[in-house]
Amino acid sequence: MASDYFHLLNLIGVAFFAISGTLMGHEKNIGGFGVVVVASVTALGGGTLRDVLLNHPVFWIAEPDYLYATYSAIFIAVIFIRHLSHVSNYYMLLVDALGMAIFNIVGIEKSLIEGTTMIVAITMGMTTGIFGGLMRDVICREVPLVMREELYSTACLSGGLTYATLSLLEVSYVWCILGALFITVFLRLGSLHWGWQPNIFRKRSVRKQ
Amino acid sequence: MASDYFHLLNLIGVAFFAISGTLMGHEKNIGGFGVVVVASVTALGGGTLRDVLLNHPVFWIAEPDYLYATYSAIFIAVIFIRHLSHVSNYYMLLVDALGMAIFNIVGIEKSLIEGTTMIVAITMGMTTGIFGGLMRDVICREVPLVMREELYSTACLSGGLTYATLSLLEVSYVWCILGALFITVFLRLGSLHWGWQPNIFRKRSVRKQ
Amino acid sequence: MASDYFHLLNLIGVAFFAISGTLMGHEKNIGGFGVVVVASVTALGGGTLRDVLLNHPVFWIAEPDYLYATYSAIFIAVIFIRHLSHVSNYYMLLVDALGMAIFNIVGIEKSLIEGTTMIVAITMGMTTGIFGGLMRDVICREVPLVMREELYSTACLSGGLTYATLSLLEVSYVWCILGALFITVFLRLGSLHWGWQPNIFRKRSVRKQ
């Protein structure tokens, strides 16, 4: 049953990231199937890295329904985009936040199932959540979201810590997931809306740059 | 016998990509052995990712003759370049197209041998064909070929579909390979020469950018 | 005992690269935990790729003390940076050189233990030494050190060849390691200080660019 939840979550996360890649590809005006390549890398990159690191069979090779989810999400996103007069960059950031929050949890859970310690699991969650979007930004020559001012890795880490805490308190699965999702998305979107900024680890005089 | 073909194809593909990396590194005026690093990543990147994803032993670790092919091709390319007064960017695109077409087929075939479904195999072919050149472009801070206007991923996908179709029709190996190679290279070079452009998945008003 | 040396060397290499990533992240004024992400990728990237290629368990998953070393080094580096009025880019290049020299040796040794040939081992050493810093530069949108004028891959290769030669001459472990470290760091820092430049593999007329 828990495994069903995670299968579903993974599918939804893949679809969100596929849409974020499509939106970015559209923004960058990529021709032909290049958009499909970028969106696929975004959707599958994080989970692929996670499975390779854990020495698991790669999820989309073992279960091709992830590929169908990816390609369907791209196809639907392309159709919608073509019929909208204006697509705001905000949608990209929104689906990216949702995908990142979901992949974070899936990464932690898959890692814990493998019997790793919690510090490895949280690192793996961040890897899974961040890597797909990072590859999208690198390929599209954008400043990676991880490097921008808004809470990104901080939101991801907070979600991971929430999941770990709730899980240690033996809260039921569904609430662990919902709690971690809520915290991640709340911090991330809150930062985008209200300009919350973390000021740890920063240069003192910003003028310098 | 089929395995011999693929060994040979792989060697040729590796050499083509090594040359493309050398040409790009030369263009970028990289010093010292940096050119060798970039060219090696280009030559070995796609196949390495394929083997890691399929959980195969990595091809150049299992059979070091791929390393010899890579380093020989780089060495020969460097000598030629130094004795030519002018090296056009066109050569880079040409060897890249040939390497991509070959790696595409090798990726599909290796994946099918592992018993994956066709959709996974075609995805794996594209991964193998595109990833090495993508890493070259990212390291050299060029706009990745995948993102440019010319048919690139579309040519790769068409070659993969050709191979799949001919293979399903039980055409003999050699013709499957030649057919897929021809389609990929024809579309790619046709696009470069005559400016063929795919207009699917594109923004309607290009002016916006 | 040899394995103890390499465990210690690996820990030191990880810490050096973590510091180099922190310095780069600071330079780029990354907010929040983004610095931790970039520094972790720098510290763990090269070794992770090495273990994945050799089909080993990934070192920081098998032994989480590497994660503690990474996070501690980042934490200490952050504290130091905040209390210094000016951090020169030179420190980044210095710790990067030390980390690269160490990872080069660890990569060669791990590869030889796996029974690969020397050409594969030297390639693996360069991969381990260069990849983490390369990812740091790509994520931070800097010109990768590998592409710059100063001896970088050349120093790395020279260190690897030194290690291979001393190892073949059956010199004791400690001297193999010290010799290779010395050659790599000496060439790299010498190039930075006195502007040594390799002029092989270069365009004849530099004016062109």
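The values are calculated or read from the model by the stated rules, or taken from the named source; none is laboratory data. Every value quoted in this text rests on a predicted model; they were computed, and no experiment measured them. Every residue, glycine as well, gets a Cβ built from its backbone with ideal geometry; the counts of neighbours run over all protein chains shown.
Couple of notes before you dig in:
- All conditions but one from (1) closer than 24 Å to A:A164 by Cα; (2) at the interface with chain B (Cβ under 10 Å from one of its Cβ atoms); (3) surrounded by fewer than 20 Cβ atoms within 10 Å (Cβ to Cβ) apply to A:T48; the one that does not is (3).
- Residues satisfying the stated conditions in segment A:111-122, i.e. assigned to a helix (DSSP H, G or I) and at the interface with another protein chain (Cβ under 9 Å from one of its Cβ atoms): A:S111, A:I119, A:V120
- With respect to the conditions (1) assigned to a loop (DSSP other than H, G, I, E, B); (2) modelled with pLDDT of 90 or more; (3) not small (G, A, S), B:V37 falls short on a single one, namely (1).
- Any chance A:V171 is β-branched (V, I, T) and under 18 Å from A:Y91 (Cβ atoms): no
- Hits in segment A:32-41 - residues which are small (G, A, S) and within 9 Å of chain B (Cβ to nearest Cβ): A:G32, A:G34, A:S40
- Check on A:S153, over 14 Å from the mean Cα position of the chain (by Cα), within 9 Å of chain C (Cβ to nearest Cβ) and either buried (at least 24 other Cβ atoms within 10 Å of the Cβ) or of a type in the set (D, E) (or both): no
- From the list A:A164, A:A101, A:A121, A:A180, the lone residue that is in contact with a helix residue (DSSP H, G or I) (Cβ under 9 Å, 6 or more places away or on another chain), of a type in the set (G, A, S) and closer than 22 Å to A:G21 by Cα is A:A101.
- Tabulated pairs, segment A:65-83, first free of Cβ contacts under 8 Å to residues at least 60 places away in the same chain, second surrounded by fewer than 21 Cβ atoms within 10 Å (Cβ to Cβ) and not in a helix (DSSP H, G or I), C-beta under 9 angstrom, 6+ apart or interchain: A:L67/B:T117; A:V78/B:I200; A:F80/A:V87; A:I81/A:V87; A:I81/B:K203; A:R82/B:R202; A:R82/B:K203; A:R82/B:R204
- Looking across segment B:80-97, the residues that are hydrophobic (A, V, I, L, M, F, W, C) and under 15 Å from the mean Cα position of the chain (by Cα) come down to B:M92, B:L93, B:L94, B:V95, B:A97.
- Filtering segment A:143-195 to residues that are within 17 Å of A:G13 (Cα to Cα) and assigned to a loop (DSSP other than H, G, I, E, B) leaves only A:Y152.
Quick grid of which residues meet (1) more than 11 Å from chain A (Cβ to nearest Cβ); (2) on the phi < 0 side of the Ramachandran plot; (3) part of a helix (DSSP H, G or I):
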position	(1), (2), (3)
C:F6	yes, yes, yes
C:N10	yes, yes, yes
C:G13	yes, yes, yes
C:S20	yes, yes, yes
C:A43	yes, yes, yes
C:P57	no, yes, no
C:I61	no, yes, yes
C:A69	yes, yes, yes
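- First in segment A:123-149 and more than 22 Å from B:T127 (Cβ to Cβ) and more than 9 Å from chain C (Cβ to nearest Cβ), second anywhere and assigned to a helix (DSSP H, G or I) and of a type in the set (F, W, Y), Cβ under 8 Å, 6 or more apart: A:G125/A:F103; A:G125/A:Y163
- Checking B:I79, B:I108, B:I102 one by one, the residue that is more than 9 Å from chain C (Cβ to nearest Cβ) and surrounded by fewer than 21 Cβ atoms within 10 Å (Cβ to Cβ) is B:I79 and no other.
- Residues of segment B:122-149 satisfying the condition of being surrounded by fewer than 24 Cβ atoms within 10 Å (Cβ to Cβ), over 14 Å from the mean Cα position of the chain (by Cα) and either under 24 Å from C:I130 (Cβ atoms) or of a type in the set (G, A, S) (or both): B:V138, B:C140, B:R141, B:E142, B:V143
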